[in-house]
1. Determine whether the range 101-110 contains at least one residue that is closer than 22 Å to Trp214 by Cβ and β-branched (Val, Ile, Thr).
2. Report whether or not Tyr198 is touching a residue at least 12 places away in the same chain (Cβ under 8 Å), farther than 20 Å from Ile127 by Cβ and touching a Lys or Arg at 6+ places or on another chain (Cβ under 7 Å).
3. From the list Asn188, Asn201, Asn215, pick out the single residue that is more than 24 Å from Ser79 (Cα to Cα) and in contact with a Ser or Thr (Cβ under 6 Å, 6 or more places away or on another chain).
4. Within the range 247-264, track down each residue that is open to solvent by 40 Å² or more (accessible area, probe 1.4 Å) and either farther than 15 Å from Tyr136 by Cβ or without any contact (Cβ under 8 Å) to a residue 12 or more places away in the chain (or both).
5. I want to confirm something. Restricting to the range 218-235 and keeping residues that are open to solvent by 20 Å² or more (accessible area, probe 1.4 Å) and in contact with a strand residue (DSSP E or B) (Cβ under 6 Å, 6 or more places away or on another chain), which single residue is farthest from Tyr71 (Cα to Cα)?
6. Could you run through the range 48-61 and say how many residues are open to solvent by 100 Å² or more (accessible area, probe 1.4 Å) and within 11 Å of Ser265 (Cα to Cα)?
7. When you go through Pro206, Pro193 one by one, which is the residue that is outside any helix (DSSP H, G or I) and without any contact (Cβ under 8 Å) to a residue 12 or more places away in the chain?
8. Given the options Gln84, Gln45, Gln78, Gln98, name the one that is open to solvent by 60 Å² or more (accessible area, probe 1.4 Å), assigned to a helix (DSSP H, G or I) and not basic (Lys, Arg).
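The values are calculated or read from the model by the stated rules, or taken from the named source; none is laboratory data. Here the structure is a predicted model, which means the values were calculated and not measured. Methodologically, a virtual Cβ is constructed for each residue, glycine included, from the backbone with ideal geometry; neighbour enumeration extends over all protein chains shown. Just so you know, the surface numbers come from the protein's heavy atoms only, side chains and all, with ligands and any DNA or RNA stripped out. Shrake-Rupley method; radii C 1.70, N 1.55, O 1.52, S 1.80 Å.
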Amino acid sequence: MNTVIKVIITTAALLLAACGPSKAELGRLELLAQEQARIAAEQAQKEATTRKKRMNSRLQGADLHWSNKDYLSEKNVQSLFSSQDKRFAGLTNEELEQQNTYFINYPLQAARYDYKKGFHPFRIVGIRSLPNSGPYSSLFPDEAADYAPGQSAKSVVEFALHQDLEKNRLGQDVLMKNGHRWVATVLNFKNYPALKPYNRNWQWIPGVFEDIKWNASPEKTHAQSDGRNLEVQLGLRFCTLEDRCYSNIDYQGHPTHAVRAEVMSIYVGNRESGEILAKFVREAE
């Protein structure tokens, strides 16, 4: 008898399960889904607002430094490398904070206008593009490149911060024989979408010999570039952890001291007129 009752109870339970959830249960699930969607929308809006404030703050800082020409000084560089280079110990009391953004500018050199494709390519004077992070693998470890066949470590860009210079016979500043170099290294923003562009007619050029192109008529680009007044302003945030953010290599006989950095903003502008032609800003925190 007990066995029959058990069979009946089991059968009834299976039939109820086959009928699906009740209307009350469906209503509860719908309300739960609506609440989850509302919370997700609020979180997305909050993140968008925070991101916009962060980017506006970076734009304001870049605008201010462009106007005031307030750029990284030799003392700043000495302070940045003081923990790594004994020659700089005690030379300055300035300290660079890891969370702050510091600015530096470089000339923008025009190449020949590409009439076939309708753009003007430019090269940033003072940077070196590396196809992979080989020399700086300790600063930019890429485990995928070590284990995946055919993969190479991420591309890196090197920015000169200070160099041992001397005058040549023409009175030009050139790198001294066996002179030291102090550089900032960053992941190659030309290859990875780390920066949001504010001007669609300016685009990065992946590769080694050219850096950025201006999609505009030759009359417009030559009016800006013929006077050789175009500059690039970079906002950099340096990593200052002594045991993981610095590296020393040899580059063509020149001892090179590197610090890892992140690009927070890039401006392209005409220094003589003060006009800013393009803006790029990092969205991530």
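1. Yes, that holds for at least one residue.
2. Values: touching a residue at least 12 places away in the same chain (Cβ under 8 Å): yes; farther than 20 Å from Ile127 by Cβ: yes; touching a Lys or Arg at 6+ places or on another chain (Cβ under 7 Å): yes.
Yes; evaluated as a whole, the condition is true for this residue.
3. Details: Asn201 fails: in contact with a Ser or Thr (Cβ under 6 Å, 6 or more places away or on another chain); Asn215 fails: in contact with a Ser or Thr (Cβ under 6 Å, 6 or more places away or on another chain).
Step by step, each of Asn188, Asn201, Asn215 is checked, and only Asn188 is more than 24 Å from Ser79 (Cα to Cα) and in contact with a Ser or Thr (Cβ under 6 Å, 6 or more places away or on another chain).
4. Those that are open to solvent by 40 Å² or more (accessible area, probe 1.4 Å) and either farther than 15 Å from Tyr136 by Cβ or without any contact (Cβ under 8 Å) to a residue 12 or more places away in the chain (or both): Asp250, Gln252.
5. Of the range 218-235, the ones open to solvent by 20 Å² or more (accessible area, probe 1.4 Å) are 218-220, 222-224, 226-229, 231.
Next cut, in contact with a strand residue (DSSP E or B) (Cβ under 6 Å, 6 or more places away or on another chain) only: 224, 229, 231.
Values: Gln224: 23, Asn229: 17, Glu231: 13 Å.
Checked the range 218-235; the qualifying residue farthest from Tyr71 (Cα to Cα) is Gln224.
6. Looking only at the range 48-61, we keep the residues that are open to solvent by 100 Å² or more (accessible area, probe 1.4 Å), and these are 52-53, 60.
Next, only the ones that are within 11 Å of Ser265 (Cα to Cα) stay: 60.
Number satisfying all stated conditions: 1.
7. Details: Pro206 fails: without any contact (Cβ under 8 Å) to a residue 12 or more places away in the chain.
The unique qualifying residue is Pro193.
8. On the way: Gln84 fails: assigned to a helix (DSSP H, G or I); Gln78 fails: open to solvent by 60 Å² or more (accessible area, probe 1.4 Å); Gln98 fails: assigned to a helix (DSSP H, G or I).
Result of the check over Gln84, Gln45, Gln78, Gln98: Gln45.
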